[in-house]
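Visitor: Please see the structure below; I have some questions.
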Amino acid sequence: WTPTTTPTMSPPTDTPAPTLTPSVTPTFPPTPTFPPTATPTPRATRSPWPFTYELTLNPPQYGCGWTGVAGQVQDLDGNPLIGYPVHIWGAGLDMVANSGADARFNTVYGHQAAWEQFFDSRPKQMQVQVQLHDPYREDHLPISEAVVIDMPGYCGAALGYVVFTQNH
C-alpha cells in the first residue's frame, strides 16, 4: 500500500471589493443677495397729546410797538396743517384764530399755516394761554396741552411764538 497525499485546500484569498472612483463635487453658484430695503424709522411719541409745542419769546416782526402771540401748525416733517383752530385767552381776550386763514400772517412768518393775535401797541407784561383744537370734530376738543406764555414786558420778548407739531 502506498501512502497518498491528500491535497490540502488553501483558504481563498481576499479580493478587495471595488471602490468608487471619486467624482467632482458639484459647486453651485452663490445665491444672489439683494440690497437691503429701507426700513421706516419709528418716531418716538413725544407726548400723550396728538400735538406738542415749542415756545420762544422773540422781538416782534413789527417792531417794538407791538405785543402779541403768533405761531404755526405743522406735521412731523414741517409741512403746514391749515385750518386748525388755536384758542387764545388771557389779558382780557378770549378768541380763536385759524392756522393759515390769513395770507398776511403766512407771509410775515414764512409758513402757510401761520396764525397771530395782537394784544397791545407796546411791550406789556402779561400772561396769555394758547391751545390747539381739533378742526375735524364738531366739539373741537383740545389736541394739545394749554401753553402758558408769560410775556415779560420788554421789546426783545414781546412776541410769544408757538409752533404746534403733530406728534402721531
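Every number in this text was worked out from the coordinates using simple rules, so none of it is lab data. Source: prediction; values computed, not measured. Cβ sites come from the backbone with ideal geometry, for glycine too, and all protein chains shown count toward neighbours.
Visitor: How would you order 151-157, 113-119 from highest to lowest mean count of nearby Cβ atoms within 10 Å?
Guide: Result, highest mean Cβ count within 10 Å first: 113-119, 151-157.
Visitor: Compute the signed sum of charges (Lys and Arg +1, Asp and Glu -1) over the other residues within less than 12 Å, Cβ to Cβ, of Ala157. Provide the component values of the computation, followed by the final result.
Guide: Details: positive: Lys124; negative: Asp150.
Surrounding charge for Ala157 is 0.
Visitor: Mind putting a number on the dipole of region 51-166 about its Cα centre? Charges go on the C-beta only, +1 for Lys and Arg and -1 for Asp and Glu, and I need it in Debye to the nearest 20.
Guide: The calculation lands at about 420 debye.
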